[in-house]
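**Q** I am attaching a structure below and will ask some questions about it afterwards.
Read-outs: derived from the displayed coordinates by stated rules, not from any lab. The shown structure was predicted, so the numbers you read here are calculated from the model rather than taken from an experiment. Cβ: placed from backbone, ideal geometry, glycine included. Neighbour counts: every protein chain shown.
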Amino acid sequence: MAGYVEITLNDFKQEIEGEMGFTCINANKGSLNDTRGGYAEEYIYERVVKHNNPEDMLQALRGDNFRYSIRVYSSVDRRTGTTRDSGQDAIRVTLFDLFKDRPVKVEKRVNRTKNALVNMRTRAREMWQYVSSKNNTCPTCQSLLVKRTAKRTKKQFLGCSNYPECKHTQNI
């Protein structure tokens, strides 16, 4: 792939831990099969999404857990400490539901070009803004609304991320 750049673990850590405040969730796992990061040959970083408003501050003081996190799948191989070969994988940024232990919104791949870490930061910021926007909140249960595609008609709509407990949908 033209423009492919290898990223070392130290470069990745400096950006994501030092600059962005993420924490590696599978760095010290003895095996590649861990419960919190799933089976992963790559380092996975996470940052819990918290809104900066008084209601969330009170929620945190009560000890309530926050529901969503942003996860970044680094493509930095845990065995070698460098990114995989060109075409093998890309950096991925996802919105993760901590209550349901599953991804809610998967963002596009971040190709490992010379701007990969800048693009990763942009995608994580977009994900953060998506969660904090009141327009993306389900009016029924206060979970996130995410874009879905109907199986039969292939038409896109917004559906509650708390499905099947909440079946709220709305047209785009």
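**Q** Which value in Å does the Kirkwood hydrodynamic radius of the stretch 59-172 take, with 1/r averaged over all unlike C-alpha pairs and then inverted?
**A** 16.0 Å
**Q** I would also like to ask the following. To make sure I understand, if each residue's beta carbon is the centre and we count other beta carbons within 10 Å, what order do 48, 76, 93 fall in, fewest to most?
**A** With the sparsest Cβ surroundings first, the list reads 48, 93, 76.
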